[in-house]
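Asks: Provided herewith is a single structure, encoded as structure tokens, for subsequent inquiry.
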Amino acid sequence: MCAFPLHVWTIILAFRDFSWVTERTSAWDAIGVISYGMVFALIESLAVFLVAVLLGFMVSRKFDEGRRIALLSVLVLITALWAMASQVYFLWGISLPEQMMRFLAQSGHPVRVLYAASLALVLPTVLIPAFLVLKSNKVFNFVRELTERLSLLTMFYLVLDVGGLVIVLIRNL
Amino acid sequence: MEKMNRLLDRREFLKLSGLLSLSYAIPRFGMVPRASQPTPGGQNVLLVVFDALSAHQTSLYGYHRQTMPNLDQLAERAIVYHNHFAGGNFTTPGTASLLTGTLPWTHRAINYNGTVDEPYVKKNIFRAFQNHYRIAYSHNPLVNTLLFQFTGDLDEFIPRERFFLASDGFIQTLFNADEDIATVSWARTIKRKEEGYAYSLFLTHLYEQYREGKVANFKPLFPRGLPNAGGDNYFLLEQAIDGIGNRLVVVPQPFFGYFHFLPPHYPYKTHRDFYGKFERDGWKPVDKPDDLFSQKKSTKTLLKWRIWYDEYLIYVDREFRRLFDYLEGSGLLENTWVVFTSDHGEMFERGISGHITPVLHQPVIRVPLLIFEPGRETREDVYTPTSAIDLLPTLLQVTGQEIPDWVEGVVLPPIAPTSLDPERSLYTVQAKHNEKYAPLTRATTTIVKGRHKLLYFFGYDDLVGRERIELYDLEEDPEELNDLYLARKEIGAELLEELKAKLTEVNKPYL
């Protein structure tokens with residue numbers, strides 16, 4: 001689950017860059033950019049996995065192993081979704097509604113208000129699913145099945161990582 | 001008072017630098033060491049280029065604002081060229097002309113981040129100085145693209161990241177054989193700042209914190225933000241100047257040094273000492289009508305950018321003075337020719353800001369040139385028009401070396417044994433969107449001959465009849481306000497014919 005969202009995001013953005021790089025240099029260089037991107041995504045996935053493992057030690061042992069893994073998977077997925085949302089804001093050129101901008105400007109502390117509002121929005125989206133995974137069998141089973149299905153897709157991404165690594169090695173020989 | 005300010009800044013700078021973990025970020029001018037012993041008979045050459053420095057906005061050349069007071073003083077010991085023209089209007093063609101002694105239509109580094117044509121990889125200034133220790137550095141990635149081509153003729157090529165405050169140099173080190181693409185991918189992966197998004201979802205946040213932490217202490221010194229070479233490639237000019245100075249006193253002599261600093265190129269981020277210096281001086285430049293190729297910048301915007309640029313120039317001026325004084329203190333100047341120049345200029349008029357424009361008016365192509373001869377104590381002014389391509393043969397001449405036959409420029413006065421023809425034709429070329437290996441069909445070229453300058457635009461979609469011609473008398477009208485092409489038909493026709501004949505000649509290999 002650590003690798004899945006990171007790879008999806010990298011693939012989406014790297015392929016968006018493909019034509020941009022090809023126009024300026026060559027298709028082989030564009031493949032190079034994607035390959036490095038995949039390798040960096042693999043490294044980031046390992047780092048996130050490590051953090052998730054460390055966090056796992058902080059979850060009470062009264063929950064069985066399956067639930068603890070499901071909890072961490074949900075946390076990683078939701079955090080990744082929010083990280084994507086923060087970038088989509090720039091990617092699609094979205095701006096806050098006029099009224100909200102005016103409210104922020106009039107508040108006197110726009111940054112603080114923005115952070116507080118973000119926290120109020122993000123916190124329930126993390127805490128509620130986490131609570132449900134631990135307490136509801138239905139949600140737990142859903143997360144477990146989702147994780148299993150995504151794991152299959154993640155294997156495909158890992159194959160792409162290996163391909164990326166090979167291309168990076170060839171380019172650096 | 002000014003001296004006191006400088007001392008305080010120095011102390012503050014040292015104090016702040018001490019907080020950096022990068023040891024090379026700490027400026028080390030202070031005690032000036034004696035330079036290494038020169039080889040008898042061999043003189044050093046130091047070519048210092050400040051990117052996008054327009055003669056038009058330099059006080060030495062009559063600009064209203066005192067943008068370069070130190071240069072004004074140093075000029076009393078230099079040969080000062082008043083009508084010196086760049087080879088092109090942006091870094092790639094302008095720098096390639098300096099480094100090859102040929103015009104852009106010959107070396108073909110005409111496109112953005114372009115490279116010189118294969119034969120010129122071996123026809124460059126570094127090869128010409130093969131008896132010298134050749135060392136080069138630039139903040140500017142476009143210059144580095146050219147320097148990479150010439151690495152075979154360089155004894156020392158200082159990596160660009162060496163003088164950045166926070167460096168991603170490990171990527172270049174790790175992927176040394178593929179550093180261009182590795183760097184692009186790394187930037188797209190980790191640097192959210194440039195576009196607001198990156199391939200990485202989490203590491204980019206940690207990376208930003210790390211980078212910001214590295215430069216945070218310097219931010220108070222630059223109220224408009226830290227000077228940068230794109231994105232978060234922050235640098236301090238002080239650091240590069242100190243690093244270069246310290247290196248030059250220890251490298252073997254004779255040396256040929258090419259140092260191309262990014263300031264005063266955009267973004268114009270001056271030091272706190274000069275911030276606001278011209279903000280309220282009330283001066284306004286000559287009002288000029290918008291050009292056909294106007295970027296639609298308002299007068300207010302142009303005035304703002306001009307002020308920011310002018311205030312950046314004083315920072316450049318102070319740092320060049322520091323380098324000069326340091327080299328003098330080390331004894332190097334006794335045996336070193338120092339050249340101060342630029343690769344192209346900058347403009348803030350006619351609705352245009354910067355230099356990426358087909359419009360080759362004086363602010364974009366007229367650049368400063370000062371040559372400091374070892375031991376010279378008097379000033380000599382040269383008003384004859386000169387070109388960037390003349391620098392290479394001139395520097396070879398002063399160091400007693402043979403001038404290769406591929407060089408298109410000539411030895412400059414007063415160094416040349418015979419006087420320069422004041423009616424010699426000088427050219428500048430802008431062909432950024434023309435194919436590299438194709439005849440020039442979409443370009444702007446200028447020909448300067450004596451007091452007249454003709455601009456010839458051709459192939460642009462915006463042009464009715466696909467061409468535009470303007471003629472100016474630079475002596476009577478240095479601001480280029482009155483187009484004389486219709487009023488002085490004969491001169492205009494003669495210059496145009498000569499320019500077109502030249503274009504036919506240079507296009508021949510690509511037909």
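The values are calculated or read from the model by the stated rules, or taken from the named source; none is laboratory data. Just so it is clear, the model here is predicted, and its values are computed rather than measured. Here the Cβ is made from the backbone with ideal geometry for all residues, glycine too, and neighbour counts use every protein chain on show.
Asks: Pick from region B:135-161 the residues that are buried (at least 22 other Cβ atoms within 10 Å of the Cβ) and among the aromatic types (Phe, Trp, Tyr): which of them is modelled with the lowest pLDDT?
Replies: If we take residues in region B:135-161 being buried (at least 22 other Cβ atoms within 10 Å of the Cβ) and among the aromatic types (Phe, Trp, Tyr), then B:Phe150 is modelled with the lowest pLDDT.
Asks: Yes or no: region B:416-429 includes at least one residue that is part of a loop (DSSP other than H, G, I, E, B) and either of a type in the set (A, V, I, L, M) or crowded, with 20+ Cβ neighbours inside 10 Å (or both).
Replies: Yes, some residue in region B:416-429 is part of a loop (DSSP other than H, G, I, E, B) and either of a type in the set (A, V, I, L, M) or crowded, with 20+ Cβ neighbours inside 10 Å (or both).
Asks: Please indicate, with yes or no, whether at least one residue in region B:211-230 is crowded, with 20+ Cβ neighbours inside 10 Å, touching a Pro at 6+ places or on another chain (Cβ under 8 Å) and farther than 15 Å from B:Glu161 by Cα.
Replies: No: zero hits.
Asks: Given region B:45-115, what helices (runs of 4 or more DSSP H) lie entirely inside it while holding 2 or more residues that are at negative phi and crowded, with 24+ Cβ neighbours inside 10 Å?
Replies: In region B:45-115, B:91-100, B:104-107 are the helices (runs of 4 or more DSSP H) which contain 2 or more residues that are at negative phi and crowded, with 24+ Cβ neighbours inside 10 Å.
Asks: Of the residues A:Val39, A:Val21, which single one is in contact (Cβ under 8 Å) with a residue 60 or more places away in the chain, part of a helix (DSSP H, G or I) and in contact with a helix residue (DSSP H, G or I) (Cβ under 6 Å, 6 or more places away or on another chain)?
Replies: On inspection, the qualifying residue turns out to be A:Val39.
Asks: Next up: Under 7 Å between Cβ atoms, which residue pairs at least 6 apart in sequence (or on different chains) link something in region A:149-168 that is over 17 Å from A:Leu6 (Cβ atoms) with a partner that is surrounded by 13 or more Cβ atoms within 10 Å (Cβ to Cβ)?
Replies: Correct list of pairs: A:Ile167/A:Ile31; A:Ile167/A:Gly32; A:Ile167/A:Ser35; A:Val168/A:Ser35; A:Val168/A:Tyr36; A:Val168/A:Val39.
Asks: Would you check if there is a residue in region B:405-418 being of a type in the set (Phe, Trp, Tyr), farther than 30 Å from B:Leu323 by Cα and without any contact (Cβ under 8 Å) to a residue 60 or more places away in the chain?
Replies: The answer is no, given that none of the residues of region B:405-418 is of a type in the set (Phe, Trp, Tyr), farther than 30 Å from B:Leu323 by Cα and without any contact (Cβ under 8 Å) to a residue 60 or more places away in the chain.
Asks: Got a number for residues in region A:63-95 being within 14 Å of chain B (Cβ to nearest Cβ) and either assigned to a loop (DSSP other than H, G, I, E, B) or not β-branched (Val, Ile, Thr) (or both)?
Replies: Looking only at that region, the number is 17.
Asks: Could I ask something else about it? Identify the single condition in (1) within 15 Å of B:Leu47 (Cα to Cα); (2) touching a Leu at 6+ places or on another chain (Cβ under 8 Å) that B:Glu373 does not satisfy, given that it satisfies every other one.
Replies: Just one mismatch for B:Glu373, condition (2).
Asks: Looking at the structure I just gave you, is B:Tyr472 without any contact (Cβ under 8 Å) to a residue 24 or more places away in the chain, under 22 Å from B:Tyr61 (Cβ atoms) and in a strand (DSSP E or B)?
Replies: Considered against the rule, which asks whether it is without any contact (Cβ under 8 Å) to a residue 24 or more places away in the chain, under 22 Å from B:Tyr61 (Cβ atoms) and in a strand (DSSP E or B), B:Tyr472 comes out as yes.
Asks: Taking the residues in region B:116-134 that are hydrophobic (A, V, I, L, M, F, W, C) and not in a helix (DSSP H, G or I) as candidates, determine which candidate is surrounded by the most Cβ atoms within 10 Å (Cβ to Cβ).
Replies: B:Val116
Asks: Could I ask something else about it? Return only the number of the condition from (1) of a type outside the set (S, T, N, Q); (2) assigned to a helix (DSSP H, G or I); (3) away from every other protein chain (no Cβ under 12 Å); (4) in contact (Cβ under 8 Å) with a residue 24 or more places away in the chain that A:Leu55 does not satisfy.
Replies: In the conditions (1) of a type outside the set (S, T, N, Q); (2) assigned to a helix (DSSP H, G or I); (3) away from every other protein chain (no Cβ under 12 Å); (4) in contact (Cβ under 8 Å) with a residue 24 or more places away in the chain, A:Leu55 misses (4) alone.
This table checks each residue for (1) outside any strand (DSSP E or B); (2) of a type outside the set (A, V, I, L, M, F, W, C); (3) within 18 Å of B:His265 (Cα to Cα).
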position	(1), (2), (3)
B:Val338	no, no, no
B:Gly345	yes, yes, yes
B:Phe348	no, no, yes
B:Leu370	no, no, no
B:Gly375	yes, yes, no
B:Gln397	yes, yes, no
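Asks: Check region A:96-107 and report whether any residue there is modelled with pLDDT under 90 and in a loop (DSSP other than H, G, I, E, B).
Replies: Within region A:96-107, one or more residues are modelled with pLDDT under 90 and in a loop (DSSP other than H, G, I, E, B).
Asks: Would it be correct to say that B:Arg188 is buried (at least 23 other Cβ atoms within 10 Å of the Cβ), among the charged types (D, E, K, R) and within 14 Å of chain A (Cβ to nearest Cβ)?
Replies: Against the criterion (buried (at least 23 other Cβ atoms within 10 Å of the Cβ), among the charged types (D, E, K, R) and within 14 Å of chain A (Cβ to nearest Cβ)), B:Arg188 qualifies.
Asks: Where residues in region B:134-185 are touching a residue at least 40 places away in the same chain (Cβ under 8 Å) and within 14 Å of chain A (Cβ to nearest Cβ), which of them is farthest from the chain's Cα centre (by Cα)?
Replies: Only one residue tops the list, namely B:Thr145.
Asks: Consider B:Lys123 against the criteria (1) touching a residue at least 60 places away in the same chain (Cβ under 8 Å); (2) of a type in the set (D, E, K, R); (3) under 28 Å from A:Arg171 (Cα atoms): it satisfies all of them except one. Which criterion is unmet?
Replies: Among (1) touching a residue at least 60 places away in the same chain (Cβ under 8 Å); (2) of a type in the set (D, E, K, R); (3) under 28 Å from A:Arg171 (Cα atoms), B:Lys123 violates only (3).
Asks: Looking at region B:481-510, I want the residues that are under 16 Å from B:Leu426 (Cα atoms) and have a partner that is in a helix (DSSP H, G or I) with Cβ atoms under 7 Å, at least 6 apart or on another chain. Which pairs are those?
Replies: If the second residue must be in a helix (DSSP H, G or I), the pairs left are B:Val506/B:Trp105; B:Val506/B:Thr106.
Asks: A:Ala120 passes all but one of (1) in contact (Cβ under 8 Å) with a residue 12 or more places away in the chain; (2) over 20 Å from A:Leu46 (Cα atoms); which number fails?
Replies: (1)
Asks: How many of the residues in region A:8-29 are of a type in the set (Gly, Ala, Ser) and facing chain B (nearest Cβ under 9 Å)?
Replies: Number satisfying all stated conditions: 1.
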